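To start, the structure under review is shown below, and the notes come after it.
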Amino acid sequence: MSTNQSSEPLTCRVNSAGNLEIGGCDTVELAKKYGTPLYVMDEYTIKSICADYKNAFKAYPKIRMMYASKALCTIATSKLLANEGFGFDAVSAGEIYTVYKAGVDMSNVLFNGNNKSFDELSLAIDLGVGRISVDNFTELEMLNEIALSKNKTVQILLRVTPGIECHTHEYIQTGHLDSKFGFDLTQIDGALELILNKYKNLELKGVHAHIGSQIFETKIYGDEVEILVKEIVRLNEKFNLNLNEINLGGGLGVKYTDADNPPSVQKIADVIISALNNAVQKYGIEAPLVYIEPGRSIISTAGVTLYTIGCEKQVPNGTKYIAVDGGMADNPRPSMYQALYSAKIANKPDCNENLQTVTIAGRFCESGDILIKNIQLPNPEKGDILCVFNTGAYNYSMASNYNRVQKSGMVLVNNSQSAIIVYRETLDDLISHDADELV
Ligand code: LLP
C-alpha cells in the first residue's frame with residue numbers, strides 16, 4: 001500500500017489511555033496543550049510518501065519531483081520536503097518567498113500561474129527561480145521585458161492545455177480545452193516564433209501541463225506523456241530545436257473516505273515510465289527530463305485537524321447537529337467542492353456504544369458551513385475532541401479569517417515530540433493590518 005492510500009496518518013493508533021495517538025503524541029493532550037482547532041502534521045507520514053515517490057520513480061532517473069506548495073506552504077514543511085530531495089512548484093510571491101526563507105535551493109523551484117504579476121516575475125528572477133512556466137502571450141512579453149531589463153536569460157517552459165478531461169470535481173479540472181490555464185496546442189507555434197525571433201531573453205526548455213486534481217485514473221498520465229513528448233518532438237523538428245523537458249503536473253488522489261480508492265504512487269509511476277519508454281523508442285529521442293508536481297498526495301494524509309465539540313442542536317424529527325470550534329474558515333473544501341471527510345472522537349476512538357448519526361457543523365455564520373454530513377459517532381458530547389482526517393492539503397493553505405476568527409495553529413509531531421510550526425493567530429494579529437485613521 002502506498003501512503004496516499006491510507007485514510008489516516010501512518011502512525012495513527014489508539015494508545016494505552018484509550019485516546020487517538022499520532023506521531024507518538026496523544027491527540028487529546030495536543031488539544032489541551034495547543035488549543036483547538038489545531039492542524040497536526042505527522043512527519044513520519046510525510047517522509048513515507050516522499051519515499052514512495054522516490055522508490056516508484058527509481059527506474060527513471062531523469063525525474064524531478066517538485067512539490068506543489070499550494071497544497072500547504074510553511075517554512076517547516078518546505079525544509080522537510082527539501083531535505084527529502086523535493087523541489088517546489090510555487091504560484092505566488094508568497095510561496096516563492098516562503099521556500100526561499102526555508103533555505104531551499106531556488107534553482108529547484110518552478111514558478112507557475114495564469115496571471116503572474118510584474119513584481120512576482122521580477123522577484124522570481126531576482127531570487128534565481130530555476131524555471132518559469134509561462135502561461136500565455138501577455139506573460140511571454142512581460143517576462144522578456146523584465147529579463148531584458150535585468151540583462152538575464154530566463155529558462156522557461158510553456159504551459160499547455162493538452163485536451164485531456166479527467167473525472168474529478170469540475171472546479172479542479174484543468175487540462176480540458178476550455179481551461180483558463182495555458183496555451184492551446186494550436187497557439188504553441190505562434191509562441192515559439194515570438195520566443196525565437198523576438199524574445200531573446202527567454203530560453204525555452206520544454207512544455208508543461210497539469211490535468212487536474214484528486215485523480216484516480218491512471219491511463220490519462222500515459223496519454224499526457226504521449227501528447228507532451230509528441231509536442232516537443234514536433235517543435236524540435238519544425239524549429240530545429242533541442243527541447244527535452246516535460247512537466248506532467250500533479251493530481252494523484254488520496255483516500256478521504258472508504259469510498260475513495262486512489263491508485264498507488266507505484267501504479268502511476270509505472271504508467272508514466274512505460275509511456276516515456278514507449279515514446280522514447282517511437283520517436284528515437286533521448287529520454288526527456290520529466291518534472292512531476294504532486295501536492296495533495298504528499299501532504300494530505302499526514303494532516304488531521306483537532307476540534308473541540310461545543311453546542312448541539314437536535315432538529316425535532318430531523319438532523320442532529322454537533323458544532324465544533326472551527327469549520328469553513330480552516331477547511332473550506334466541504335462547502336466549496338462538497339468534499340467528504342472522515343473523523344473519529346479522539347478521546348473515545350474505539351467506542352462502539354451509543355452510536356448516533358450526526359452532522360458536524362462549523363462555527364461560522366453560514367448554513368453551508370457543514371464539515372461532515374451524517375457521520376456515525378459514539379455519543380458525541382461537549383468537550384470531546386473531534387479528529388478530522390486528511391486535512392493536510394488545501395486546508396490551511398485555503399484558510400480565511402471569515403467572521404474575524406483567528407487562523408488555527410499547526411504542530412508537527414514525530415517520535416512522541418511535538419513542535420509548533422505555525423503559531424495560532426492572536427486577536428492582535430487580526431487587527432495588526434488595520435489602520436485607525438479616518439479620512
Ligand atoms: N501543478 C499545477 C500546475 C497545479 O495547478 C496543481 C494544482 C498541482 C500541480 C498540484 O495538484 P495536486 O497534486 O495537489 O492534485 N483547492 C483544490 C485543489 C486545487 C488544485 C489546483 N492545482 C482542492 O482543495 O481540492
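The values are calculated or read from the model by the stated rules, or taken from the named source; none is laboratory data. Every value quoted in this text rests on a predicted model; they were computed, and no experiment measured them. For neighbour counting, all protein chains shown are included, and Cβ atoms are generated from backbone atoms with ideal geometry for every residue, glycine included. Remember, those area values only see protein heavy atoms, side chains included, never the ligands or the DNA or RNA. Shrake-Rupley method; radii C 1.70, N 1.55, O 1.52, S 1.80 Å.
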task: Rank T74, T359, T186 by mean-square fluctuation in a GNM of the chain with C-alpha springs under 10 angstrom and give only the top-ranked residue.
output: T186
- prompt: Could you sort M398, M41 by accessible area so the largest value comes first, with the probe set to 1.4 Å?
  reply: M398, M41
message: For the chain, give me the percentage of DSSP beta bridges that are antiparallel, rounded to the nearest 5 percent.
response: 45 percent
- prompt: Tally Lys and Arg at +1 and Asp and Glu at -1 over the other residues with C-beta under 15 Å from the C-beta of A147: what net charge comes out?
  reply: 0
- request: Using amide H atoms built 1.01 Å from N in the peptide plane, name the residues 5+ places from L127, or on other chains, whose amide H lies under 5 Å from its own.
  value: none
message: To the nearest 20 Debye, how big is the dipole of the range 43-299 about its Cα centre, given +1 on the beta carbon of each Lys and Arg and -1 on that of each Asp and Glu?
response: 640 debye
- line: Restricting to aspartates and glutamates and to Cα separations under 16 Å from K382, and discarding same-chain partners fewer than 8 apart, the set is E312, D325
- line: M66 neighbourhood, Cβ < 13 Å, K/R = +1, D/E = -1, net charge -3
Net charge contributed by nearby residues that have their C-beta within less than 15 Å of G24 (K/R +1, D/E -1): -3
statement: Dipole check, the range 43-299, charges on Cβ (K,R +1; D,E -1), about Cα centroid: among S107, G249, N197 the Cα furthest to the positive pole belongs to S107
N379/N114 FRET efficiency (R0 51 Å; Cβ-Cβ; nearest 0.05): 0.60
message: At R0 = 41 Å, how high is the FRET efficiency between Q281 and S397 if r is their beta carbon distance? Nearest 0.05 is fine.
response: 0.55
task: Please check the chain for the longest run free of trypsin sites (Lys or Arg not before Pro) that are loop-located per DSSP (anything but H, G, I, E, B) and have at most 14 other Cβ atoms within 10 Å.
output: 201-381
- request: Report the label-to-label distance for E203 and N317 in nanometres (one decimal), using points 7 Å from each Cα along the Cα→Cβ vector.
  value: 7.5 nm
query: Using unit Cβ charges (K, R positive; D, E negative) and no other charged atoms, how large, in debye to the nearest 20, is the dipole of the chain about its Cα centre?
result: 680 debye
statement: Looking only at lysines whose Cα falls under 29 Å of K101's and that sit 8 or more positions away or on another chain, we get K33, K47, K54, K62, K70, K79, K116, K150, K152, K205, K407
task: Output the Kirkwood hydrodynamic radius of the chain, Cα pairs only, in Å rounded to one decimal.
output: 23.0 Å
- request: For the range 43-299, count the residues as N, evaluate 2.2 N^0.38 Å, and divide the Cα radius of gyration by that value, please.
  value: 0.96
field: Alpha carbon centroid spacing (whole Å) that separates the range 1-35 from the range 185-238
entry: 43 Å
- line: With a Förster distance of 22 angstrom and the Cβ-Cβ distance between S432 and E366, calculated FRET efficiency to the nearest 0.05 equals 0.30
task: Per residue, how big is the convex hull around the C-alpha atoms of the range 211-254? Give it to me in cubic angstrom, could you?
output: 56 Å³
statement: One finds the C-alpha centres of the range 242-319 and the range 330-402 to be spaced, in Å, by 23 Å
- prompt: By a straight-distance test (C-alpha under 15 Å), which aspartates and glutamates pair with K344 as possible cross-link partners, with residues fewer than eight away in the same chain excluded?
  reply: E8, E21, D26, D258, E353, E381, D384
Dipole of the chain, positive end: most advanced residue of M336, N240, A393 [Cβ charges, Cα centre]: N240
query: Once fully extended, how much extra length lies between C351 and F239, figured as 0.36 nm per residue of separation less the alpha-carbon to alpha-carbon distance?
result: 33.6 nm
